[in-house]
Amino acid sequence: MENGERDPRAGLFIIAHSPFPVSAVEAMSEPLIRVEGIAKRFPGRDGAATTVFEDVHFSIEPGEFVCLIGHSGCGKTTILNILAGLEPASDGYVFIGGREIRGPSLDRAVIFQSHALMPWLTVTGNIGFAVTSRWPEWDRARVRSHCQKYVELVNLAGAEMKRPAELSGGMKQRVGIARALAIQPKMLLMDEPFSALDALTRGMLQEEVLRILAETRQTAFMITHDVDEAILLADKIVLMTNGPRARIAEIVVNPLPRSRTRYTIHKEPHYYAVRNHLVDFLVSRSRQLNEALPPGYDPKHPPLVTPGLSEAGGSVAQAAPRPPAGSRPIAVAASH
Amino acid sequence: MKGIQFWGAPLLSVVILLAFLALWHAGTRQEAGGEVVDAEYAKLVGTAAATGQKSAFPSPAEVGARIWQHLKEPFYDKGPNDKGIGIQLGYSIARVLAGYLLAALVAIPIGFLIGMSPLIYRAFDPFIQVLKPVSPLAWMPLALFTLKDSSVSAVFVIFICSMWPMLINTAYGVGAVRREWLNVARTLEVGPLRKALRVILPAAAPTIMTGMRISIGIAWLVIVAAEMLVGGTGIGYFVWNEWNNLSIANILTGILAIGLVGMVLDQLLARLTRLVTFPE
């Protein structure tokens, strides 16, 4: 275990800042994020455009954790950048709370793969930079105490005055997480946030992200190529076919209860069904589906799959009306 | 072992210095007996020098005595052609700082603009490429003609020669700010001014400071030449004046002073650079 990493369950913090009070969530029929037919094309050498992905439709409900899985080249990062507003889509629209996304916003915090901390600022300085961007009218003391709350949330107390160069990779990513959460965004966007970390640190941070998101009831969208990470963290796993001209092949609904943890997940009854389904997809089906999508495929309603709940291979059904957002089980930190 | 590591280099430096002084001393030793030389040459350079009784080149002891004299009284002022070396250095430093700071005020903002916009970069590039290699002294006649003041012209020459390293390094540093930091600023909806001051400036500061360090070195090189041309005051003028006086000891003192001040300026900028450099 590297220095400075603590037991993720050491501290419990309840942060009462859910951007969506429960009553508001229940009143809302609109998903938080609605992605409608986005595509990305690059002009090719011979004038014909290369399509990375197209006809991508999906939505994210408030409080939901959605993972996007696919091979390199299917435009995962581009989709995240479009959601973040950092890159325009060549086609289609993305709506947040019914309003079209036209650029980056404090509503959507991004956790970058490379942590993207500013090396000339301390831990508190990095978080504080985000906090003063969100609330420019706050005075120093208020910014400081707000930063402190998030430093403690990610278990970095004691390292406030350190610069990124003095932190381990895992600690740097914790600062990135704290910086993203500190602005109390409507949703978190994570671009393979743990892929640069060693396995031990990664596991610990995954566990912590699970705890923090449960506490803050944060909506999250994450890109990963790690099947286990997706099963542990996600409520819904969006599977992309291979690129070019990648599409959403299907959306897997995670049948495991939200109280799953890193230590007990492999004992859950449907764990292997989900895992095999995902591995199977990445190994062979992502390529086959890129060549030919199944008859009856509707890009606007990619098939919803729940492996393990029906016969082998999972049940394939057209997207049914979404379950009411408020009815999803929400794990609390105490259940760990 | 540790003692050798620590004291080895300074000790070797002292040995090199002593060897140099010894060679110098041996080369300028007074030789006995008169040499027969051409009469016309004797008239030209003075009998003492021509007969070879004593070389016009001073011995280390003489130079040492002269340096000591200058150190005892660095700030005397006995008219326009006879001022203490401290006053002359003061004039030069003042001119260098004036031209240098002026250049920083112009070069850093322009460099920022050029670095932020590839369009402006391409538009400015041909001008920079043409003007950069021009010797700063070539500007001197133009400066004298337009500014009509020799002292201001010297400052202008310093201004123009300190400009390019700062401009180019600022543009490069600003253009090379990592995309991820800019993306962080974008997702936090940071305004353009705040982004420039809180993200781009600290990120580019080490590169900008490196440019400023190169500039101060060039400025100090150029001031000596510029003052030799414009005359009046300054360490460059001092050296030229002592050449007219044929006082090699004073010239050597001037050279040493120029070297020492140059070193101090460079070290100052190096320290400032270290202050803004961040470990990755």
For this session: Taking 7 Å along the Cα-to-C-beta vector as the label spot, tell me the A:TYR263-A:SER168 distance in nanometres, rounded to one decimal.
Result: 1.9
Exercise. For region A:200-245 and region A:250-282, what is the separation of their Cα centres, given in Å?
Worked result: 12
For this session: State to the nearest 20 debye the size of the charge dipole of the protein assembly as shown about its Cα centre, where the only charges are +1 on K and R beta carbons and -1 on D and E beta carbons.
Result: 720
Exercise. What 222 nm value per residue comes from the helices of the protein assembly as shown, counting each DSSP H run with n ≥ 4 as -39,500 (n - 2.57) and dividing by all residues, nearest 500 deg cm²/dmol?
Worked result: -16000 deg cm²/dmol
Problem set entry | Spin-label model distance (nm) - B:THR277 vs B:GLN69, 7 Å beyond Cα toward Cβ | 4.3
Seminar exercise, completed: Neighbour-count ranking for B:THR207, B:THR277, B:THR233 (other C-beta within 10 angstrom, fewest to most) reads B:THR277, B:THR233, B:THR207
Problem set entry | Positive-end extreme of charge dipole, region A:118-225 - chosen from A:THR224, A:HIS146, A:THR201 (charges on Cβ) | A:HIS146
For this session: Determine how many Å³ per residue the convex hull of the Cα atoms of region B:130-280 encloses.
Result: 133
Problem set entry | Separation in nanometres of the label points that stand 7 Å from Cα toward Cβ, at B:ALA270 and A:ARG140 | 3.4
For this session: Provide the FRET efficiency to the nearest 0.05 for the B:ILE120-B:TYR76 pair, computing r from the beta carbons and using R0 = 41 Å.
Result: 0.20
Exercise. Say a site is exposed when it is one of the chymotrypsin sites (Phe, Trp or Tyr not before Pro), sits in a DSSP loop, and has at most 16 other Cβ atoms within 10 Å; what is then the longest site-free stretch of chain B?
Worked result: B:77-280
For this session: Return the long-range amide H neighbours of A:ALA249 (sequence gap of 5 or more, or a different chain), with a cut-off of under 5 Å between placed amide H atoms.
Result: A:LEU239, A:MET240, A:THR241
For this session: Mind checking which lysines have their Cα closer than 22 Å to the Cα of A:LYS300? Skip sequence neighbours fewer than 8 apart in that chain.
Result: A:LYS40, A:LYS76, A:LYS236
Seminar exercise, completed: Going from the fewest other Cβ atoms within 10 Å to the most, one would list B:GLU280, A:GLU54 as B:GLU280, A:GLU54
Exercise. How big is the shadow of the Cα convex hull of the protein assembly as shown, averaged over all directions, in nm²?
Worked result: 42.6
For this session: Would you mind checking the tilt of helix B:235-244 against the longest principal axis of the Cα atoms of chain B, expressed as 0 to 90 degrees and rounded to 10?
Result: 20
For this session: Just tell me which aspartates and glutamates come within less than 17 Å, Cα to Cα, of B:LYS148; anything on the same chain fewer than 8 places away is out.
Result: B:GLU227
For this session: Sort out for me the Cα centre separation of region B:65-124 from region A:114-191, rounded to whole Å.
Result: 43
For this session: Sort A:VAL253, A:VAL154 so that the residue with the fewest other Cβ atoms within 10 Å of its own Cβ comes first and the one with the most comes last.
Result: A:VAL253, A:VAL154
For this session: Hand me the chymotrypsin sites (Phe, Trp or Tyr not before Pro) from region A:193-265 located in a DSSP loop with no more than 14 other Cβ atoms within 10 Å, in residue order please.
Result: A:TYR263
For this session: Report the calculated FRET efficiency for A:GLU100 and B:GLN5 (r = Cβ-Cβ distance, R0 = 51 Å), to the nearest 0.05.
Result: 0.15
Problem set entry | Fully extended contour minus Cα-Cα distance, from B:LEU260 to B:VAL106, at 0.36 nm per residue | 52.6 nm
Exercise. Once the convex hull of the C-alpha atoms of chain B is built, how many Å³ does it hold per residue, rounded to a whole number?
Worked result: 201
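FYI, it's all coordinate maths here, none of it is from the lab. Here the structure is a predicted model, which means the values were calculated and not measured. Cβ sites come from the backbone with ideal geometry, for glycine too, and all protein chains shown count toward neighbours.
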